[in-house]
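J.: The structure that follows is given in the form of structure tokens.
The values are calculated or read from the model by the stated rules, or taken from the named source; none is laboratory data. Since the model is a prediction, treat every value here as computed from it, not as a measurement. Ideal geometry is used to build each Cβ from the backbone, glycine not excepted, and the neighbour counts take in all protein chains shown. Ligands, DNA and RNA are stripped out before the accessible areas are found, and what is left, the full protein with its side chains, is counted by its heavy atoms. Shrake-Rupley method; radii C 1.70, N 1.55, O 1.52, S 1.80 Å.
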Amino acid sequence: VPEDAPVGTVVALLNVEDADSGENGQVSCELSGEAPLSIVASSGGSYKVVTSGALDREQASEHRVTVVARDRGSPALWSRAALVLEVSDVNDN
């Protein structure tokens, strides 16, 4: 993603499925880690990871976060996946 990408730029699309029924099949996702990114729910188990702040290649050339998907069962089951966002340089001068 270029460092001059505006806030709200979509950097990843995720599709989450759980074959269980009832609350065991209802899944939510969240991001963990320090990065100017947020996750937004879409329809049908889809999520978008978007920029939530300015990117600066000189400060960080990449951002690493973990996507955690958790169902509403009791006990809740969860899964995680790593996401690496590489920031490309843009001529600042």
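J.: What number of residues in the stretch 61-87 are closer than 19 Å to THR9 by Cα, part of a strand (DSSP E or B) and either hydroxyl-bearing (Ser, Thr, Tyr) or over 13 Å from the mean Cα position of the chain (by Cα) (or both)?
T.: 3
J.: From the list GLY45, GLY53, pick out the single residue that is out of contact with any His (no Cβ under 9 Å at 6 or more places or on another chain), more than 30 Å from ASN91 (Cβ to Cβ) and open to solvent by less than 40 Å² (accessible area, probe 1.4 Å). Show your work before the answer.
T.: Details: GLY53 fails: more than 30 Å from ASN91 (Cβ to Cβ).
Every option except GLY45 fails the conditions.
J.: If I ask for residues that are among the small types (Gly, Ala, Ser) and either within 12 Å of VAL16 (Cβ to Cβ) or assigned to a strand (DSSP E or B) (or both), which ones from the stretch 45-60 would you list? Full working, then the answer.
T.: Going through the stretch 45-60, the residues among the small types (Gly, Ala, Ser) turn out to be 45-46, 52-54, 60.
Across the stretch 45-60, the qualifying residues are GLY45, SER46.
J.: Please specify each residue of the stretch 1-30 satisfying the condition of being of a type in the set (A, V, I, L, M) and in contact (Cβ under 8 Å) with a residue 40 or more places away in the chain. Even if it seems obvious, please write down each step before you answer.
T.: Step one: list which residues in the stretch 1-30 are of a type in the set (A, V, I, L, M), which gives 1, 5, 7, 10-14, 16, 19, 27.
Scanning the stretch 1-30 gives VAL1, ALA5, VAL7, VAL10, VAL11, ALA12, LEU14, VAL16, VAL27.
J.: Considering each residue of the stretch 33-48, count those that are polar (S, T, N, Q) and either under 9 Å from the mean Cα position of the chain (by Cα) or more than 20 Å from VAL1 (Cβ to Cβ) (or both), and give that number.
T.: 2
J.: Further question: Suppose the filter is in contact (Cβ under 8 Å) with a residue 12 or more places away in the chain and either of a type in the set (A, V, I, L, M) or open to solvent by less than 30 Å² (accessible area, probe 1.4 Å) (or both); does VAL40 pass it? Walk me through how you get there before you give the answer.
T.: Numbers: in contact (Cβ under 8 Å) with a residue 12 or more places away in the chain: no; either of a type in the set (A, V, I, L, M) or open to solvent by less than 30 Å² (accessible area, probe 1.4 Å) (or both): yes.
No, not satisfied.
J.: Another question, if that's okay. Taking the stretch 1-22 only, how many residues are hydrophobic (A, V, I, L, M, F, W, C), open to solvent by 50 Å² or more (accessible area, probe 1.4 Å) and farther than 16 Å from GLY53 by Cβ?
T.: Qualifying residue count, the stretch 1-22: 2.
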